[in-house]
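The values are calculated or read from the model by the stated rules, or taken from the named source; none is laboratory data. Because the structure is predicted, anything quoted here is derived from the model rather than measured. Counting neighbours? That spans all protein chains shown, and the Cβs are built from the backbone with ideal geometry, glycine included. When the accessible area is computed, the model is the full protein with side chains, heavy atoms only, and any ligands, DNA or RNA have been set aside. Shrake-Rupley method; radii C 1.70, N 1.55, O 1.52, S 1.80 Å.
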Amino acid sequence: MASYAIVGFGCAGYHALTAVRDADSEATIDIYSEHTDSPYNPMLTTYYAANRLRYEGMFPFGTLEDIAFTFKANVFSGTRVTDLNADSRSITLEDGTVRSYDGIVLATGARSFTPPIPNDCPEACISMRTLDDAKDLKRRLDQGVISRAVVIGASMAGIKVVEVLHNNGISTTLADMAPHIFPLAAYPETAARIEHHLSAEGVTLKFGAGLKAIRKGSKTAAIVECSDGTLLPADLVGLCIGTRANTDLAVKAGIAVGRGITVNTSMETSAPGIYAAGDCCEGCNLQNGQPQIIGLWANAAYQGYTAGANMCGSSRSFSGNILHNITHFFHMDFIGFGDNRIKGTSLTFENKEKGLWIEAVCSEGRLAGINILGNYRISGILKNHILGIIQNQQHTINDMQRGILKKEGLSEEFILQLEGVGHGN
């Protein structure tokens, strides 16, 4: 009987489990997680902190007990794997126990990152990545002692923290060293519109200045010191600057690592029989063919299932993904597809009656990226259009999709522009 281990149990780990059990109904499956909770969606943690979601609502796959029973798996929660031997495919637990397997999936995820700056009052700071982070924020909000806050990091996580604080009546500043909001996803004109909306809602914005230090305050718990000398008083400092892949086990085992664990399209690492999936590993950015961490829920699910299936001898491939973000905040929908670092001809479209704004970039005669404000219903069509261009050189939007886009407010002229008509095709 084959035996497999899954180290880390978030979205990628769960889908690796389902793939293993789909491929082998009898195999022994051991799951190791440092945490005691079931897999949860990190993007739902702010909804819990804001009392908009029950605690149980963060766990889309049910309880650990239900998962273990359904998939006949052994779940070792609250158990840390301290070492990995790639040659023997064995793991060492923190109590010294060594166990060997026919295959291992590393699904260790990522952690919040804070730059090494002076911080005189870490007790005033929070991150927003884990369940514990959400519980911490909720506890502080329930205490009702926060009147001013500063959130560092104009990211998808950062804006959700700002929204929670703002909706609790807290005067909030959003700051980032980038020149505008969502620097990795938004084009400048779209970013300007988002910033105008946030300012109208009462959020203070500060861009173009990095975080220099966090000092103790006199009238507030902390003072955020920016690189341009600005001082921002705060009772609470939200650190939403970014994440780093958890690659320690792979590094110690001599497995190839870039910004994340290096994998091929089968999700196998440089060590035969050892796979990786999710936020701990790299994928392929389909637009440039380069390895890149694509920290998205759907990406983790695809990678996890691919890793689990191939570990059991199946033949599956996941070629990669494009960068994409969909989020809702302050009564606004933002959707971004594609790598916004690609330069080209900028296209814009607005339908005020429909409350729709689109900014796109065409490079070398084809759509390279797109931002949408106000209508998530067209997002699937436009994402598939970009993928069709990349994977099949298919520039035409079919009649059914065209009809939907028109119904949602796009003009025929702009649809032709998205197809590249007049831009080299």
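Name the residues in segment 17-31 that are over 28 Å from the mean Cα position of the chain (by Cα) and either of a type in the set (Ser, Thr, Tyr) or in a loop (DSSP other than H, G, I, E, B) (or both), would you?
Asp24, Ser25, Glu26, Ala27, Thr28
Just to be sure I understand the filter: pairs with C-beta atoms under 9 Å, separated by 6 or more residues or on different chains, first member in segment 45-71 and among the small types (Gly, Ala, Ser), second member outside any helix (DSSP H, G or I). Which pairs pass?
Going by the 9 Å Cβ cut-off, the qualifying pairs are Ala49/Met128; Ala50/Asn168; Gly62/Ser38; Ala68/Ile31; Ala68/Asn74; Ala68/Val75.
Based on this model, can you work out whether Asn310 counts as surrounded by fewer than 17 Cβ atoms within 10 Å (Cβ to Cβ), modelled with pLDDT of 95 or more and among the polar types (S, T, N, Q)?
no
Can you tell me which residue in segment 125-172 is farthest from Pro183 (Cα to Cα), limited to those that are surrounded by fewer than 19 Cβ atoms within 10 Å (Cβ to Cβ) and hydroxyl-bearing (Ser, Thr, Tyr)?
Checking each candidate, the answer is Ser147.
Say we look at segment 218-230 and pick out the residues that are buried (at least 19 other Cβ atoms within 10 Å of the Cβ) and small (Gly, Ala, Ser); which of these is farthest from Glu359 (Cα to Cα)?
Of everything passing the filter in segment 218-230, Ala221 is farthest from Glu359 (Cα to Cα).
Which of the residues spanning segment 14-67 are over 26 Å from Arg316 (Cβ atoms) and among the basic types (Lys, Arg)?
Arg52, Arg54
For the structure I just gave you, tell me whether Val151 is touching a residue at least 24 places away in the same chain (Cβ under 8 Å), more than 18 Å from Ala221 (Cα to Cα) and under 20 Å from the mean Cα position of the chain (by Cα).
Numbers: touching a residue at least 24 places away in the same chain (Cβ under 8 Å): yes; more than 18 Å from Ala221 (Cα to Cα): no; under 20 Å from the mean Cα position of the chain (by Cα): yes.
No: the conditions fail for Val151.
When you scan segment 39-52, how many residues do you find that are surrounded by 24 or more Cβ atoms within 10 Å (Cβ to Cβ) and more than 16 Å from the chain's Cα centre (by Cα)?
1
Across segment 315-330, what is the number of residues that are buried (at least 16 other Cβ atoms within 10 Å of the Cβ) and over 22 Å from Pro188 (Cβ atoms)?
Adding up the residues that qualify gives 4.
Residue-wise test of (1) touching a His at 6+ places or on another chain (Cβ under 6 Å); (2) within 24 Å of Pro183 (Cα to Cα); (3) among the hydrophobic types (A, V, I, L, M, F, W, C).
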| position | (1), (2), (3) |
| --- | --- |
| Glu350 | no, yes, no |
| Ile358 | no, yes, yes |
| Ala368 | no, yes, yes |
| Leu373 | no, yes, yes |
| Leu382 | no, yes, yes |
| Ile386 | no, yes, yes |
| Gln393 | no, no, no |
| Met400 | no, no, yes |
| Glu412 | no, no, no |
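Can you pull out the helices (runs of 4 or more DSSP H) entirely within segment 317-425 that have at least 1 residues that are hydroxyl-bearing (Ser, Thr, Tyr)?
379-392
Just name the residue that is surrounded by the fewest Cβ atoms within 10 Å (Cβ to Cβ) out of those in segment 331-390 that are among the hydroxyl-bearing types (Ser, Thr, Tyr) and over 22 Å from Gly295 (Cβ atoms).
Looking only at segment 331-390, we keep the residues that are among the hydroxyl-bearing types (Ser, Thr, Tyr), and these are 345-346, 348, 363, 376, 379.
Now narrow it down to the ones that are over 22 Å from Gly295 (Cβ atoms): 345-346, 348, 363.
Working: Thr345: 15, Ser346: 12, Thr348: 14, Ser363: 17.
Result: Ser346.
Identify all residues within segment 370-383 that are under 20 Å from the mean Cα position of the chain (by Cα) and over 16 Å from Gln417 (Cα atoms); write none if there are none.
Within segment 370-383, Leu373, Tyr376, Ser379, Gly380 qualify.
Collect the residues in segment 174-214 that are open to solvent by less than 60 Å² (accessible area, probe 1.4 Å), in a strand (DSSP E or B) and over 9 Å from Ala154 (Cβ atoms), keeping them in residue-number order.
Passing the criteria: Lys206, Leu211, Ala213, Ile214.
Just one of (1) over 29 Å from Pro60 (Cβ atoms); (2) in a helix (DSSP H, G or I); (3) touching a strand residue (DSSP E or B) at 6+ places or on another chain (Cβ under 6 Å) trips up Leu165, so point out which.
The one condition Leu165 does not meet is (1).
Can you pull out every residue in segment 96-152 that is among the hydrophobic types (A, V, I, L, M, F, W, C) and within 20 Å of Arg52 (Cβ to Cβ)?
Listed by number, the residues that qualify are Ile126, Met128, Leu131, Ala134, Leu137, Leu141, Ile146, Ala149, Val151.
Against the condition among the charged types (D, E, K, R) and either out of contact with any Ser or Thr (no Cβ under 9 Å at 6 or more places or on another chain) or open to solvent by less than 60 Å² (accessible area, probe 1.4 Å) (or both), how does Asp102 come out, does it pass?
no
Do any residues in segment 228-257 that are free of Cβ contacts under 8 Å to residues at least 24 places away in the same chain and among the small types (Gly, Ala, Ser) have Cβ atoms under 9 Å from those of residues that are outside any loop (DSSP other than H, G, I, E, B) and open to solvent by 10 Å² or more (accessible area, probe 1.4 Å), where the two are at least six apart or on different chains, and which pairs are they?
Filtered contacts from segment 228-257: Gly229/Lys212.
Of the numbered conditions (1) part of a strand (DSSP E or B); (2) out of contact with any strand residue (DSSP E or B) (no Cβ under 8 Å at 6 or more places or on another chain), Thr306 satisfies every one except a single condition; which is it?
Of the numbered conditions (1) part of a strand (DSSP E or B); (2) out of contact with any strand residue (DSSP E or B) (no Cβ under 8 Å at 6 or more places or on another chain), the odd one out for Thr306 is (1).
Of (1) more than 22 Å from Lys138 (Cβ to Cβ); (2) among the small types (Gly, Ala, Ser); (3) in contact with a Leu (Cβ under 7 Å, 6 or more places away or on another chain), Ser127 satisfies all except one. Which?
(1)
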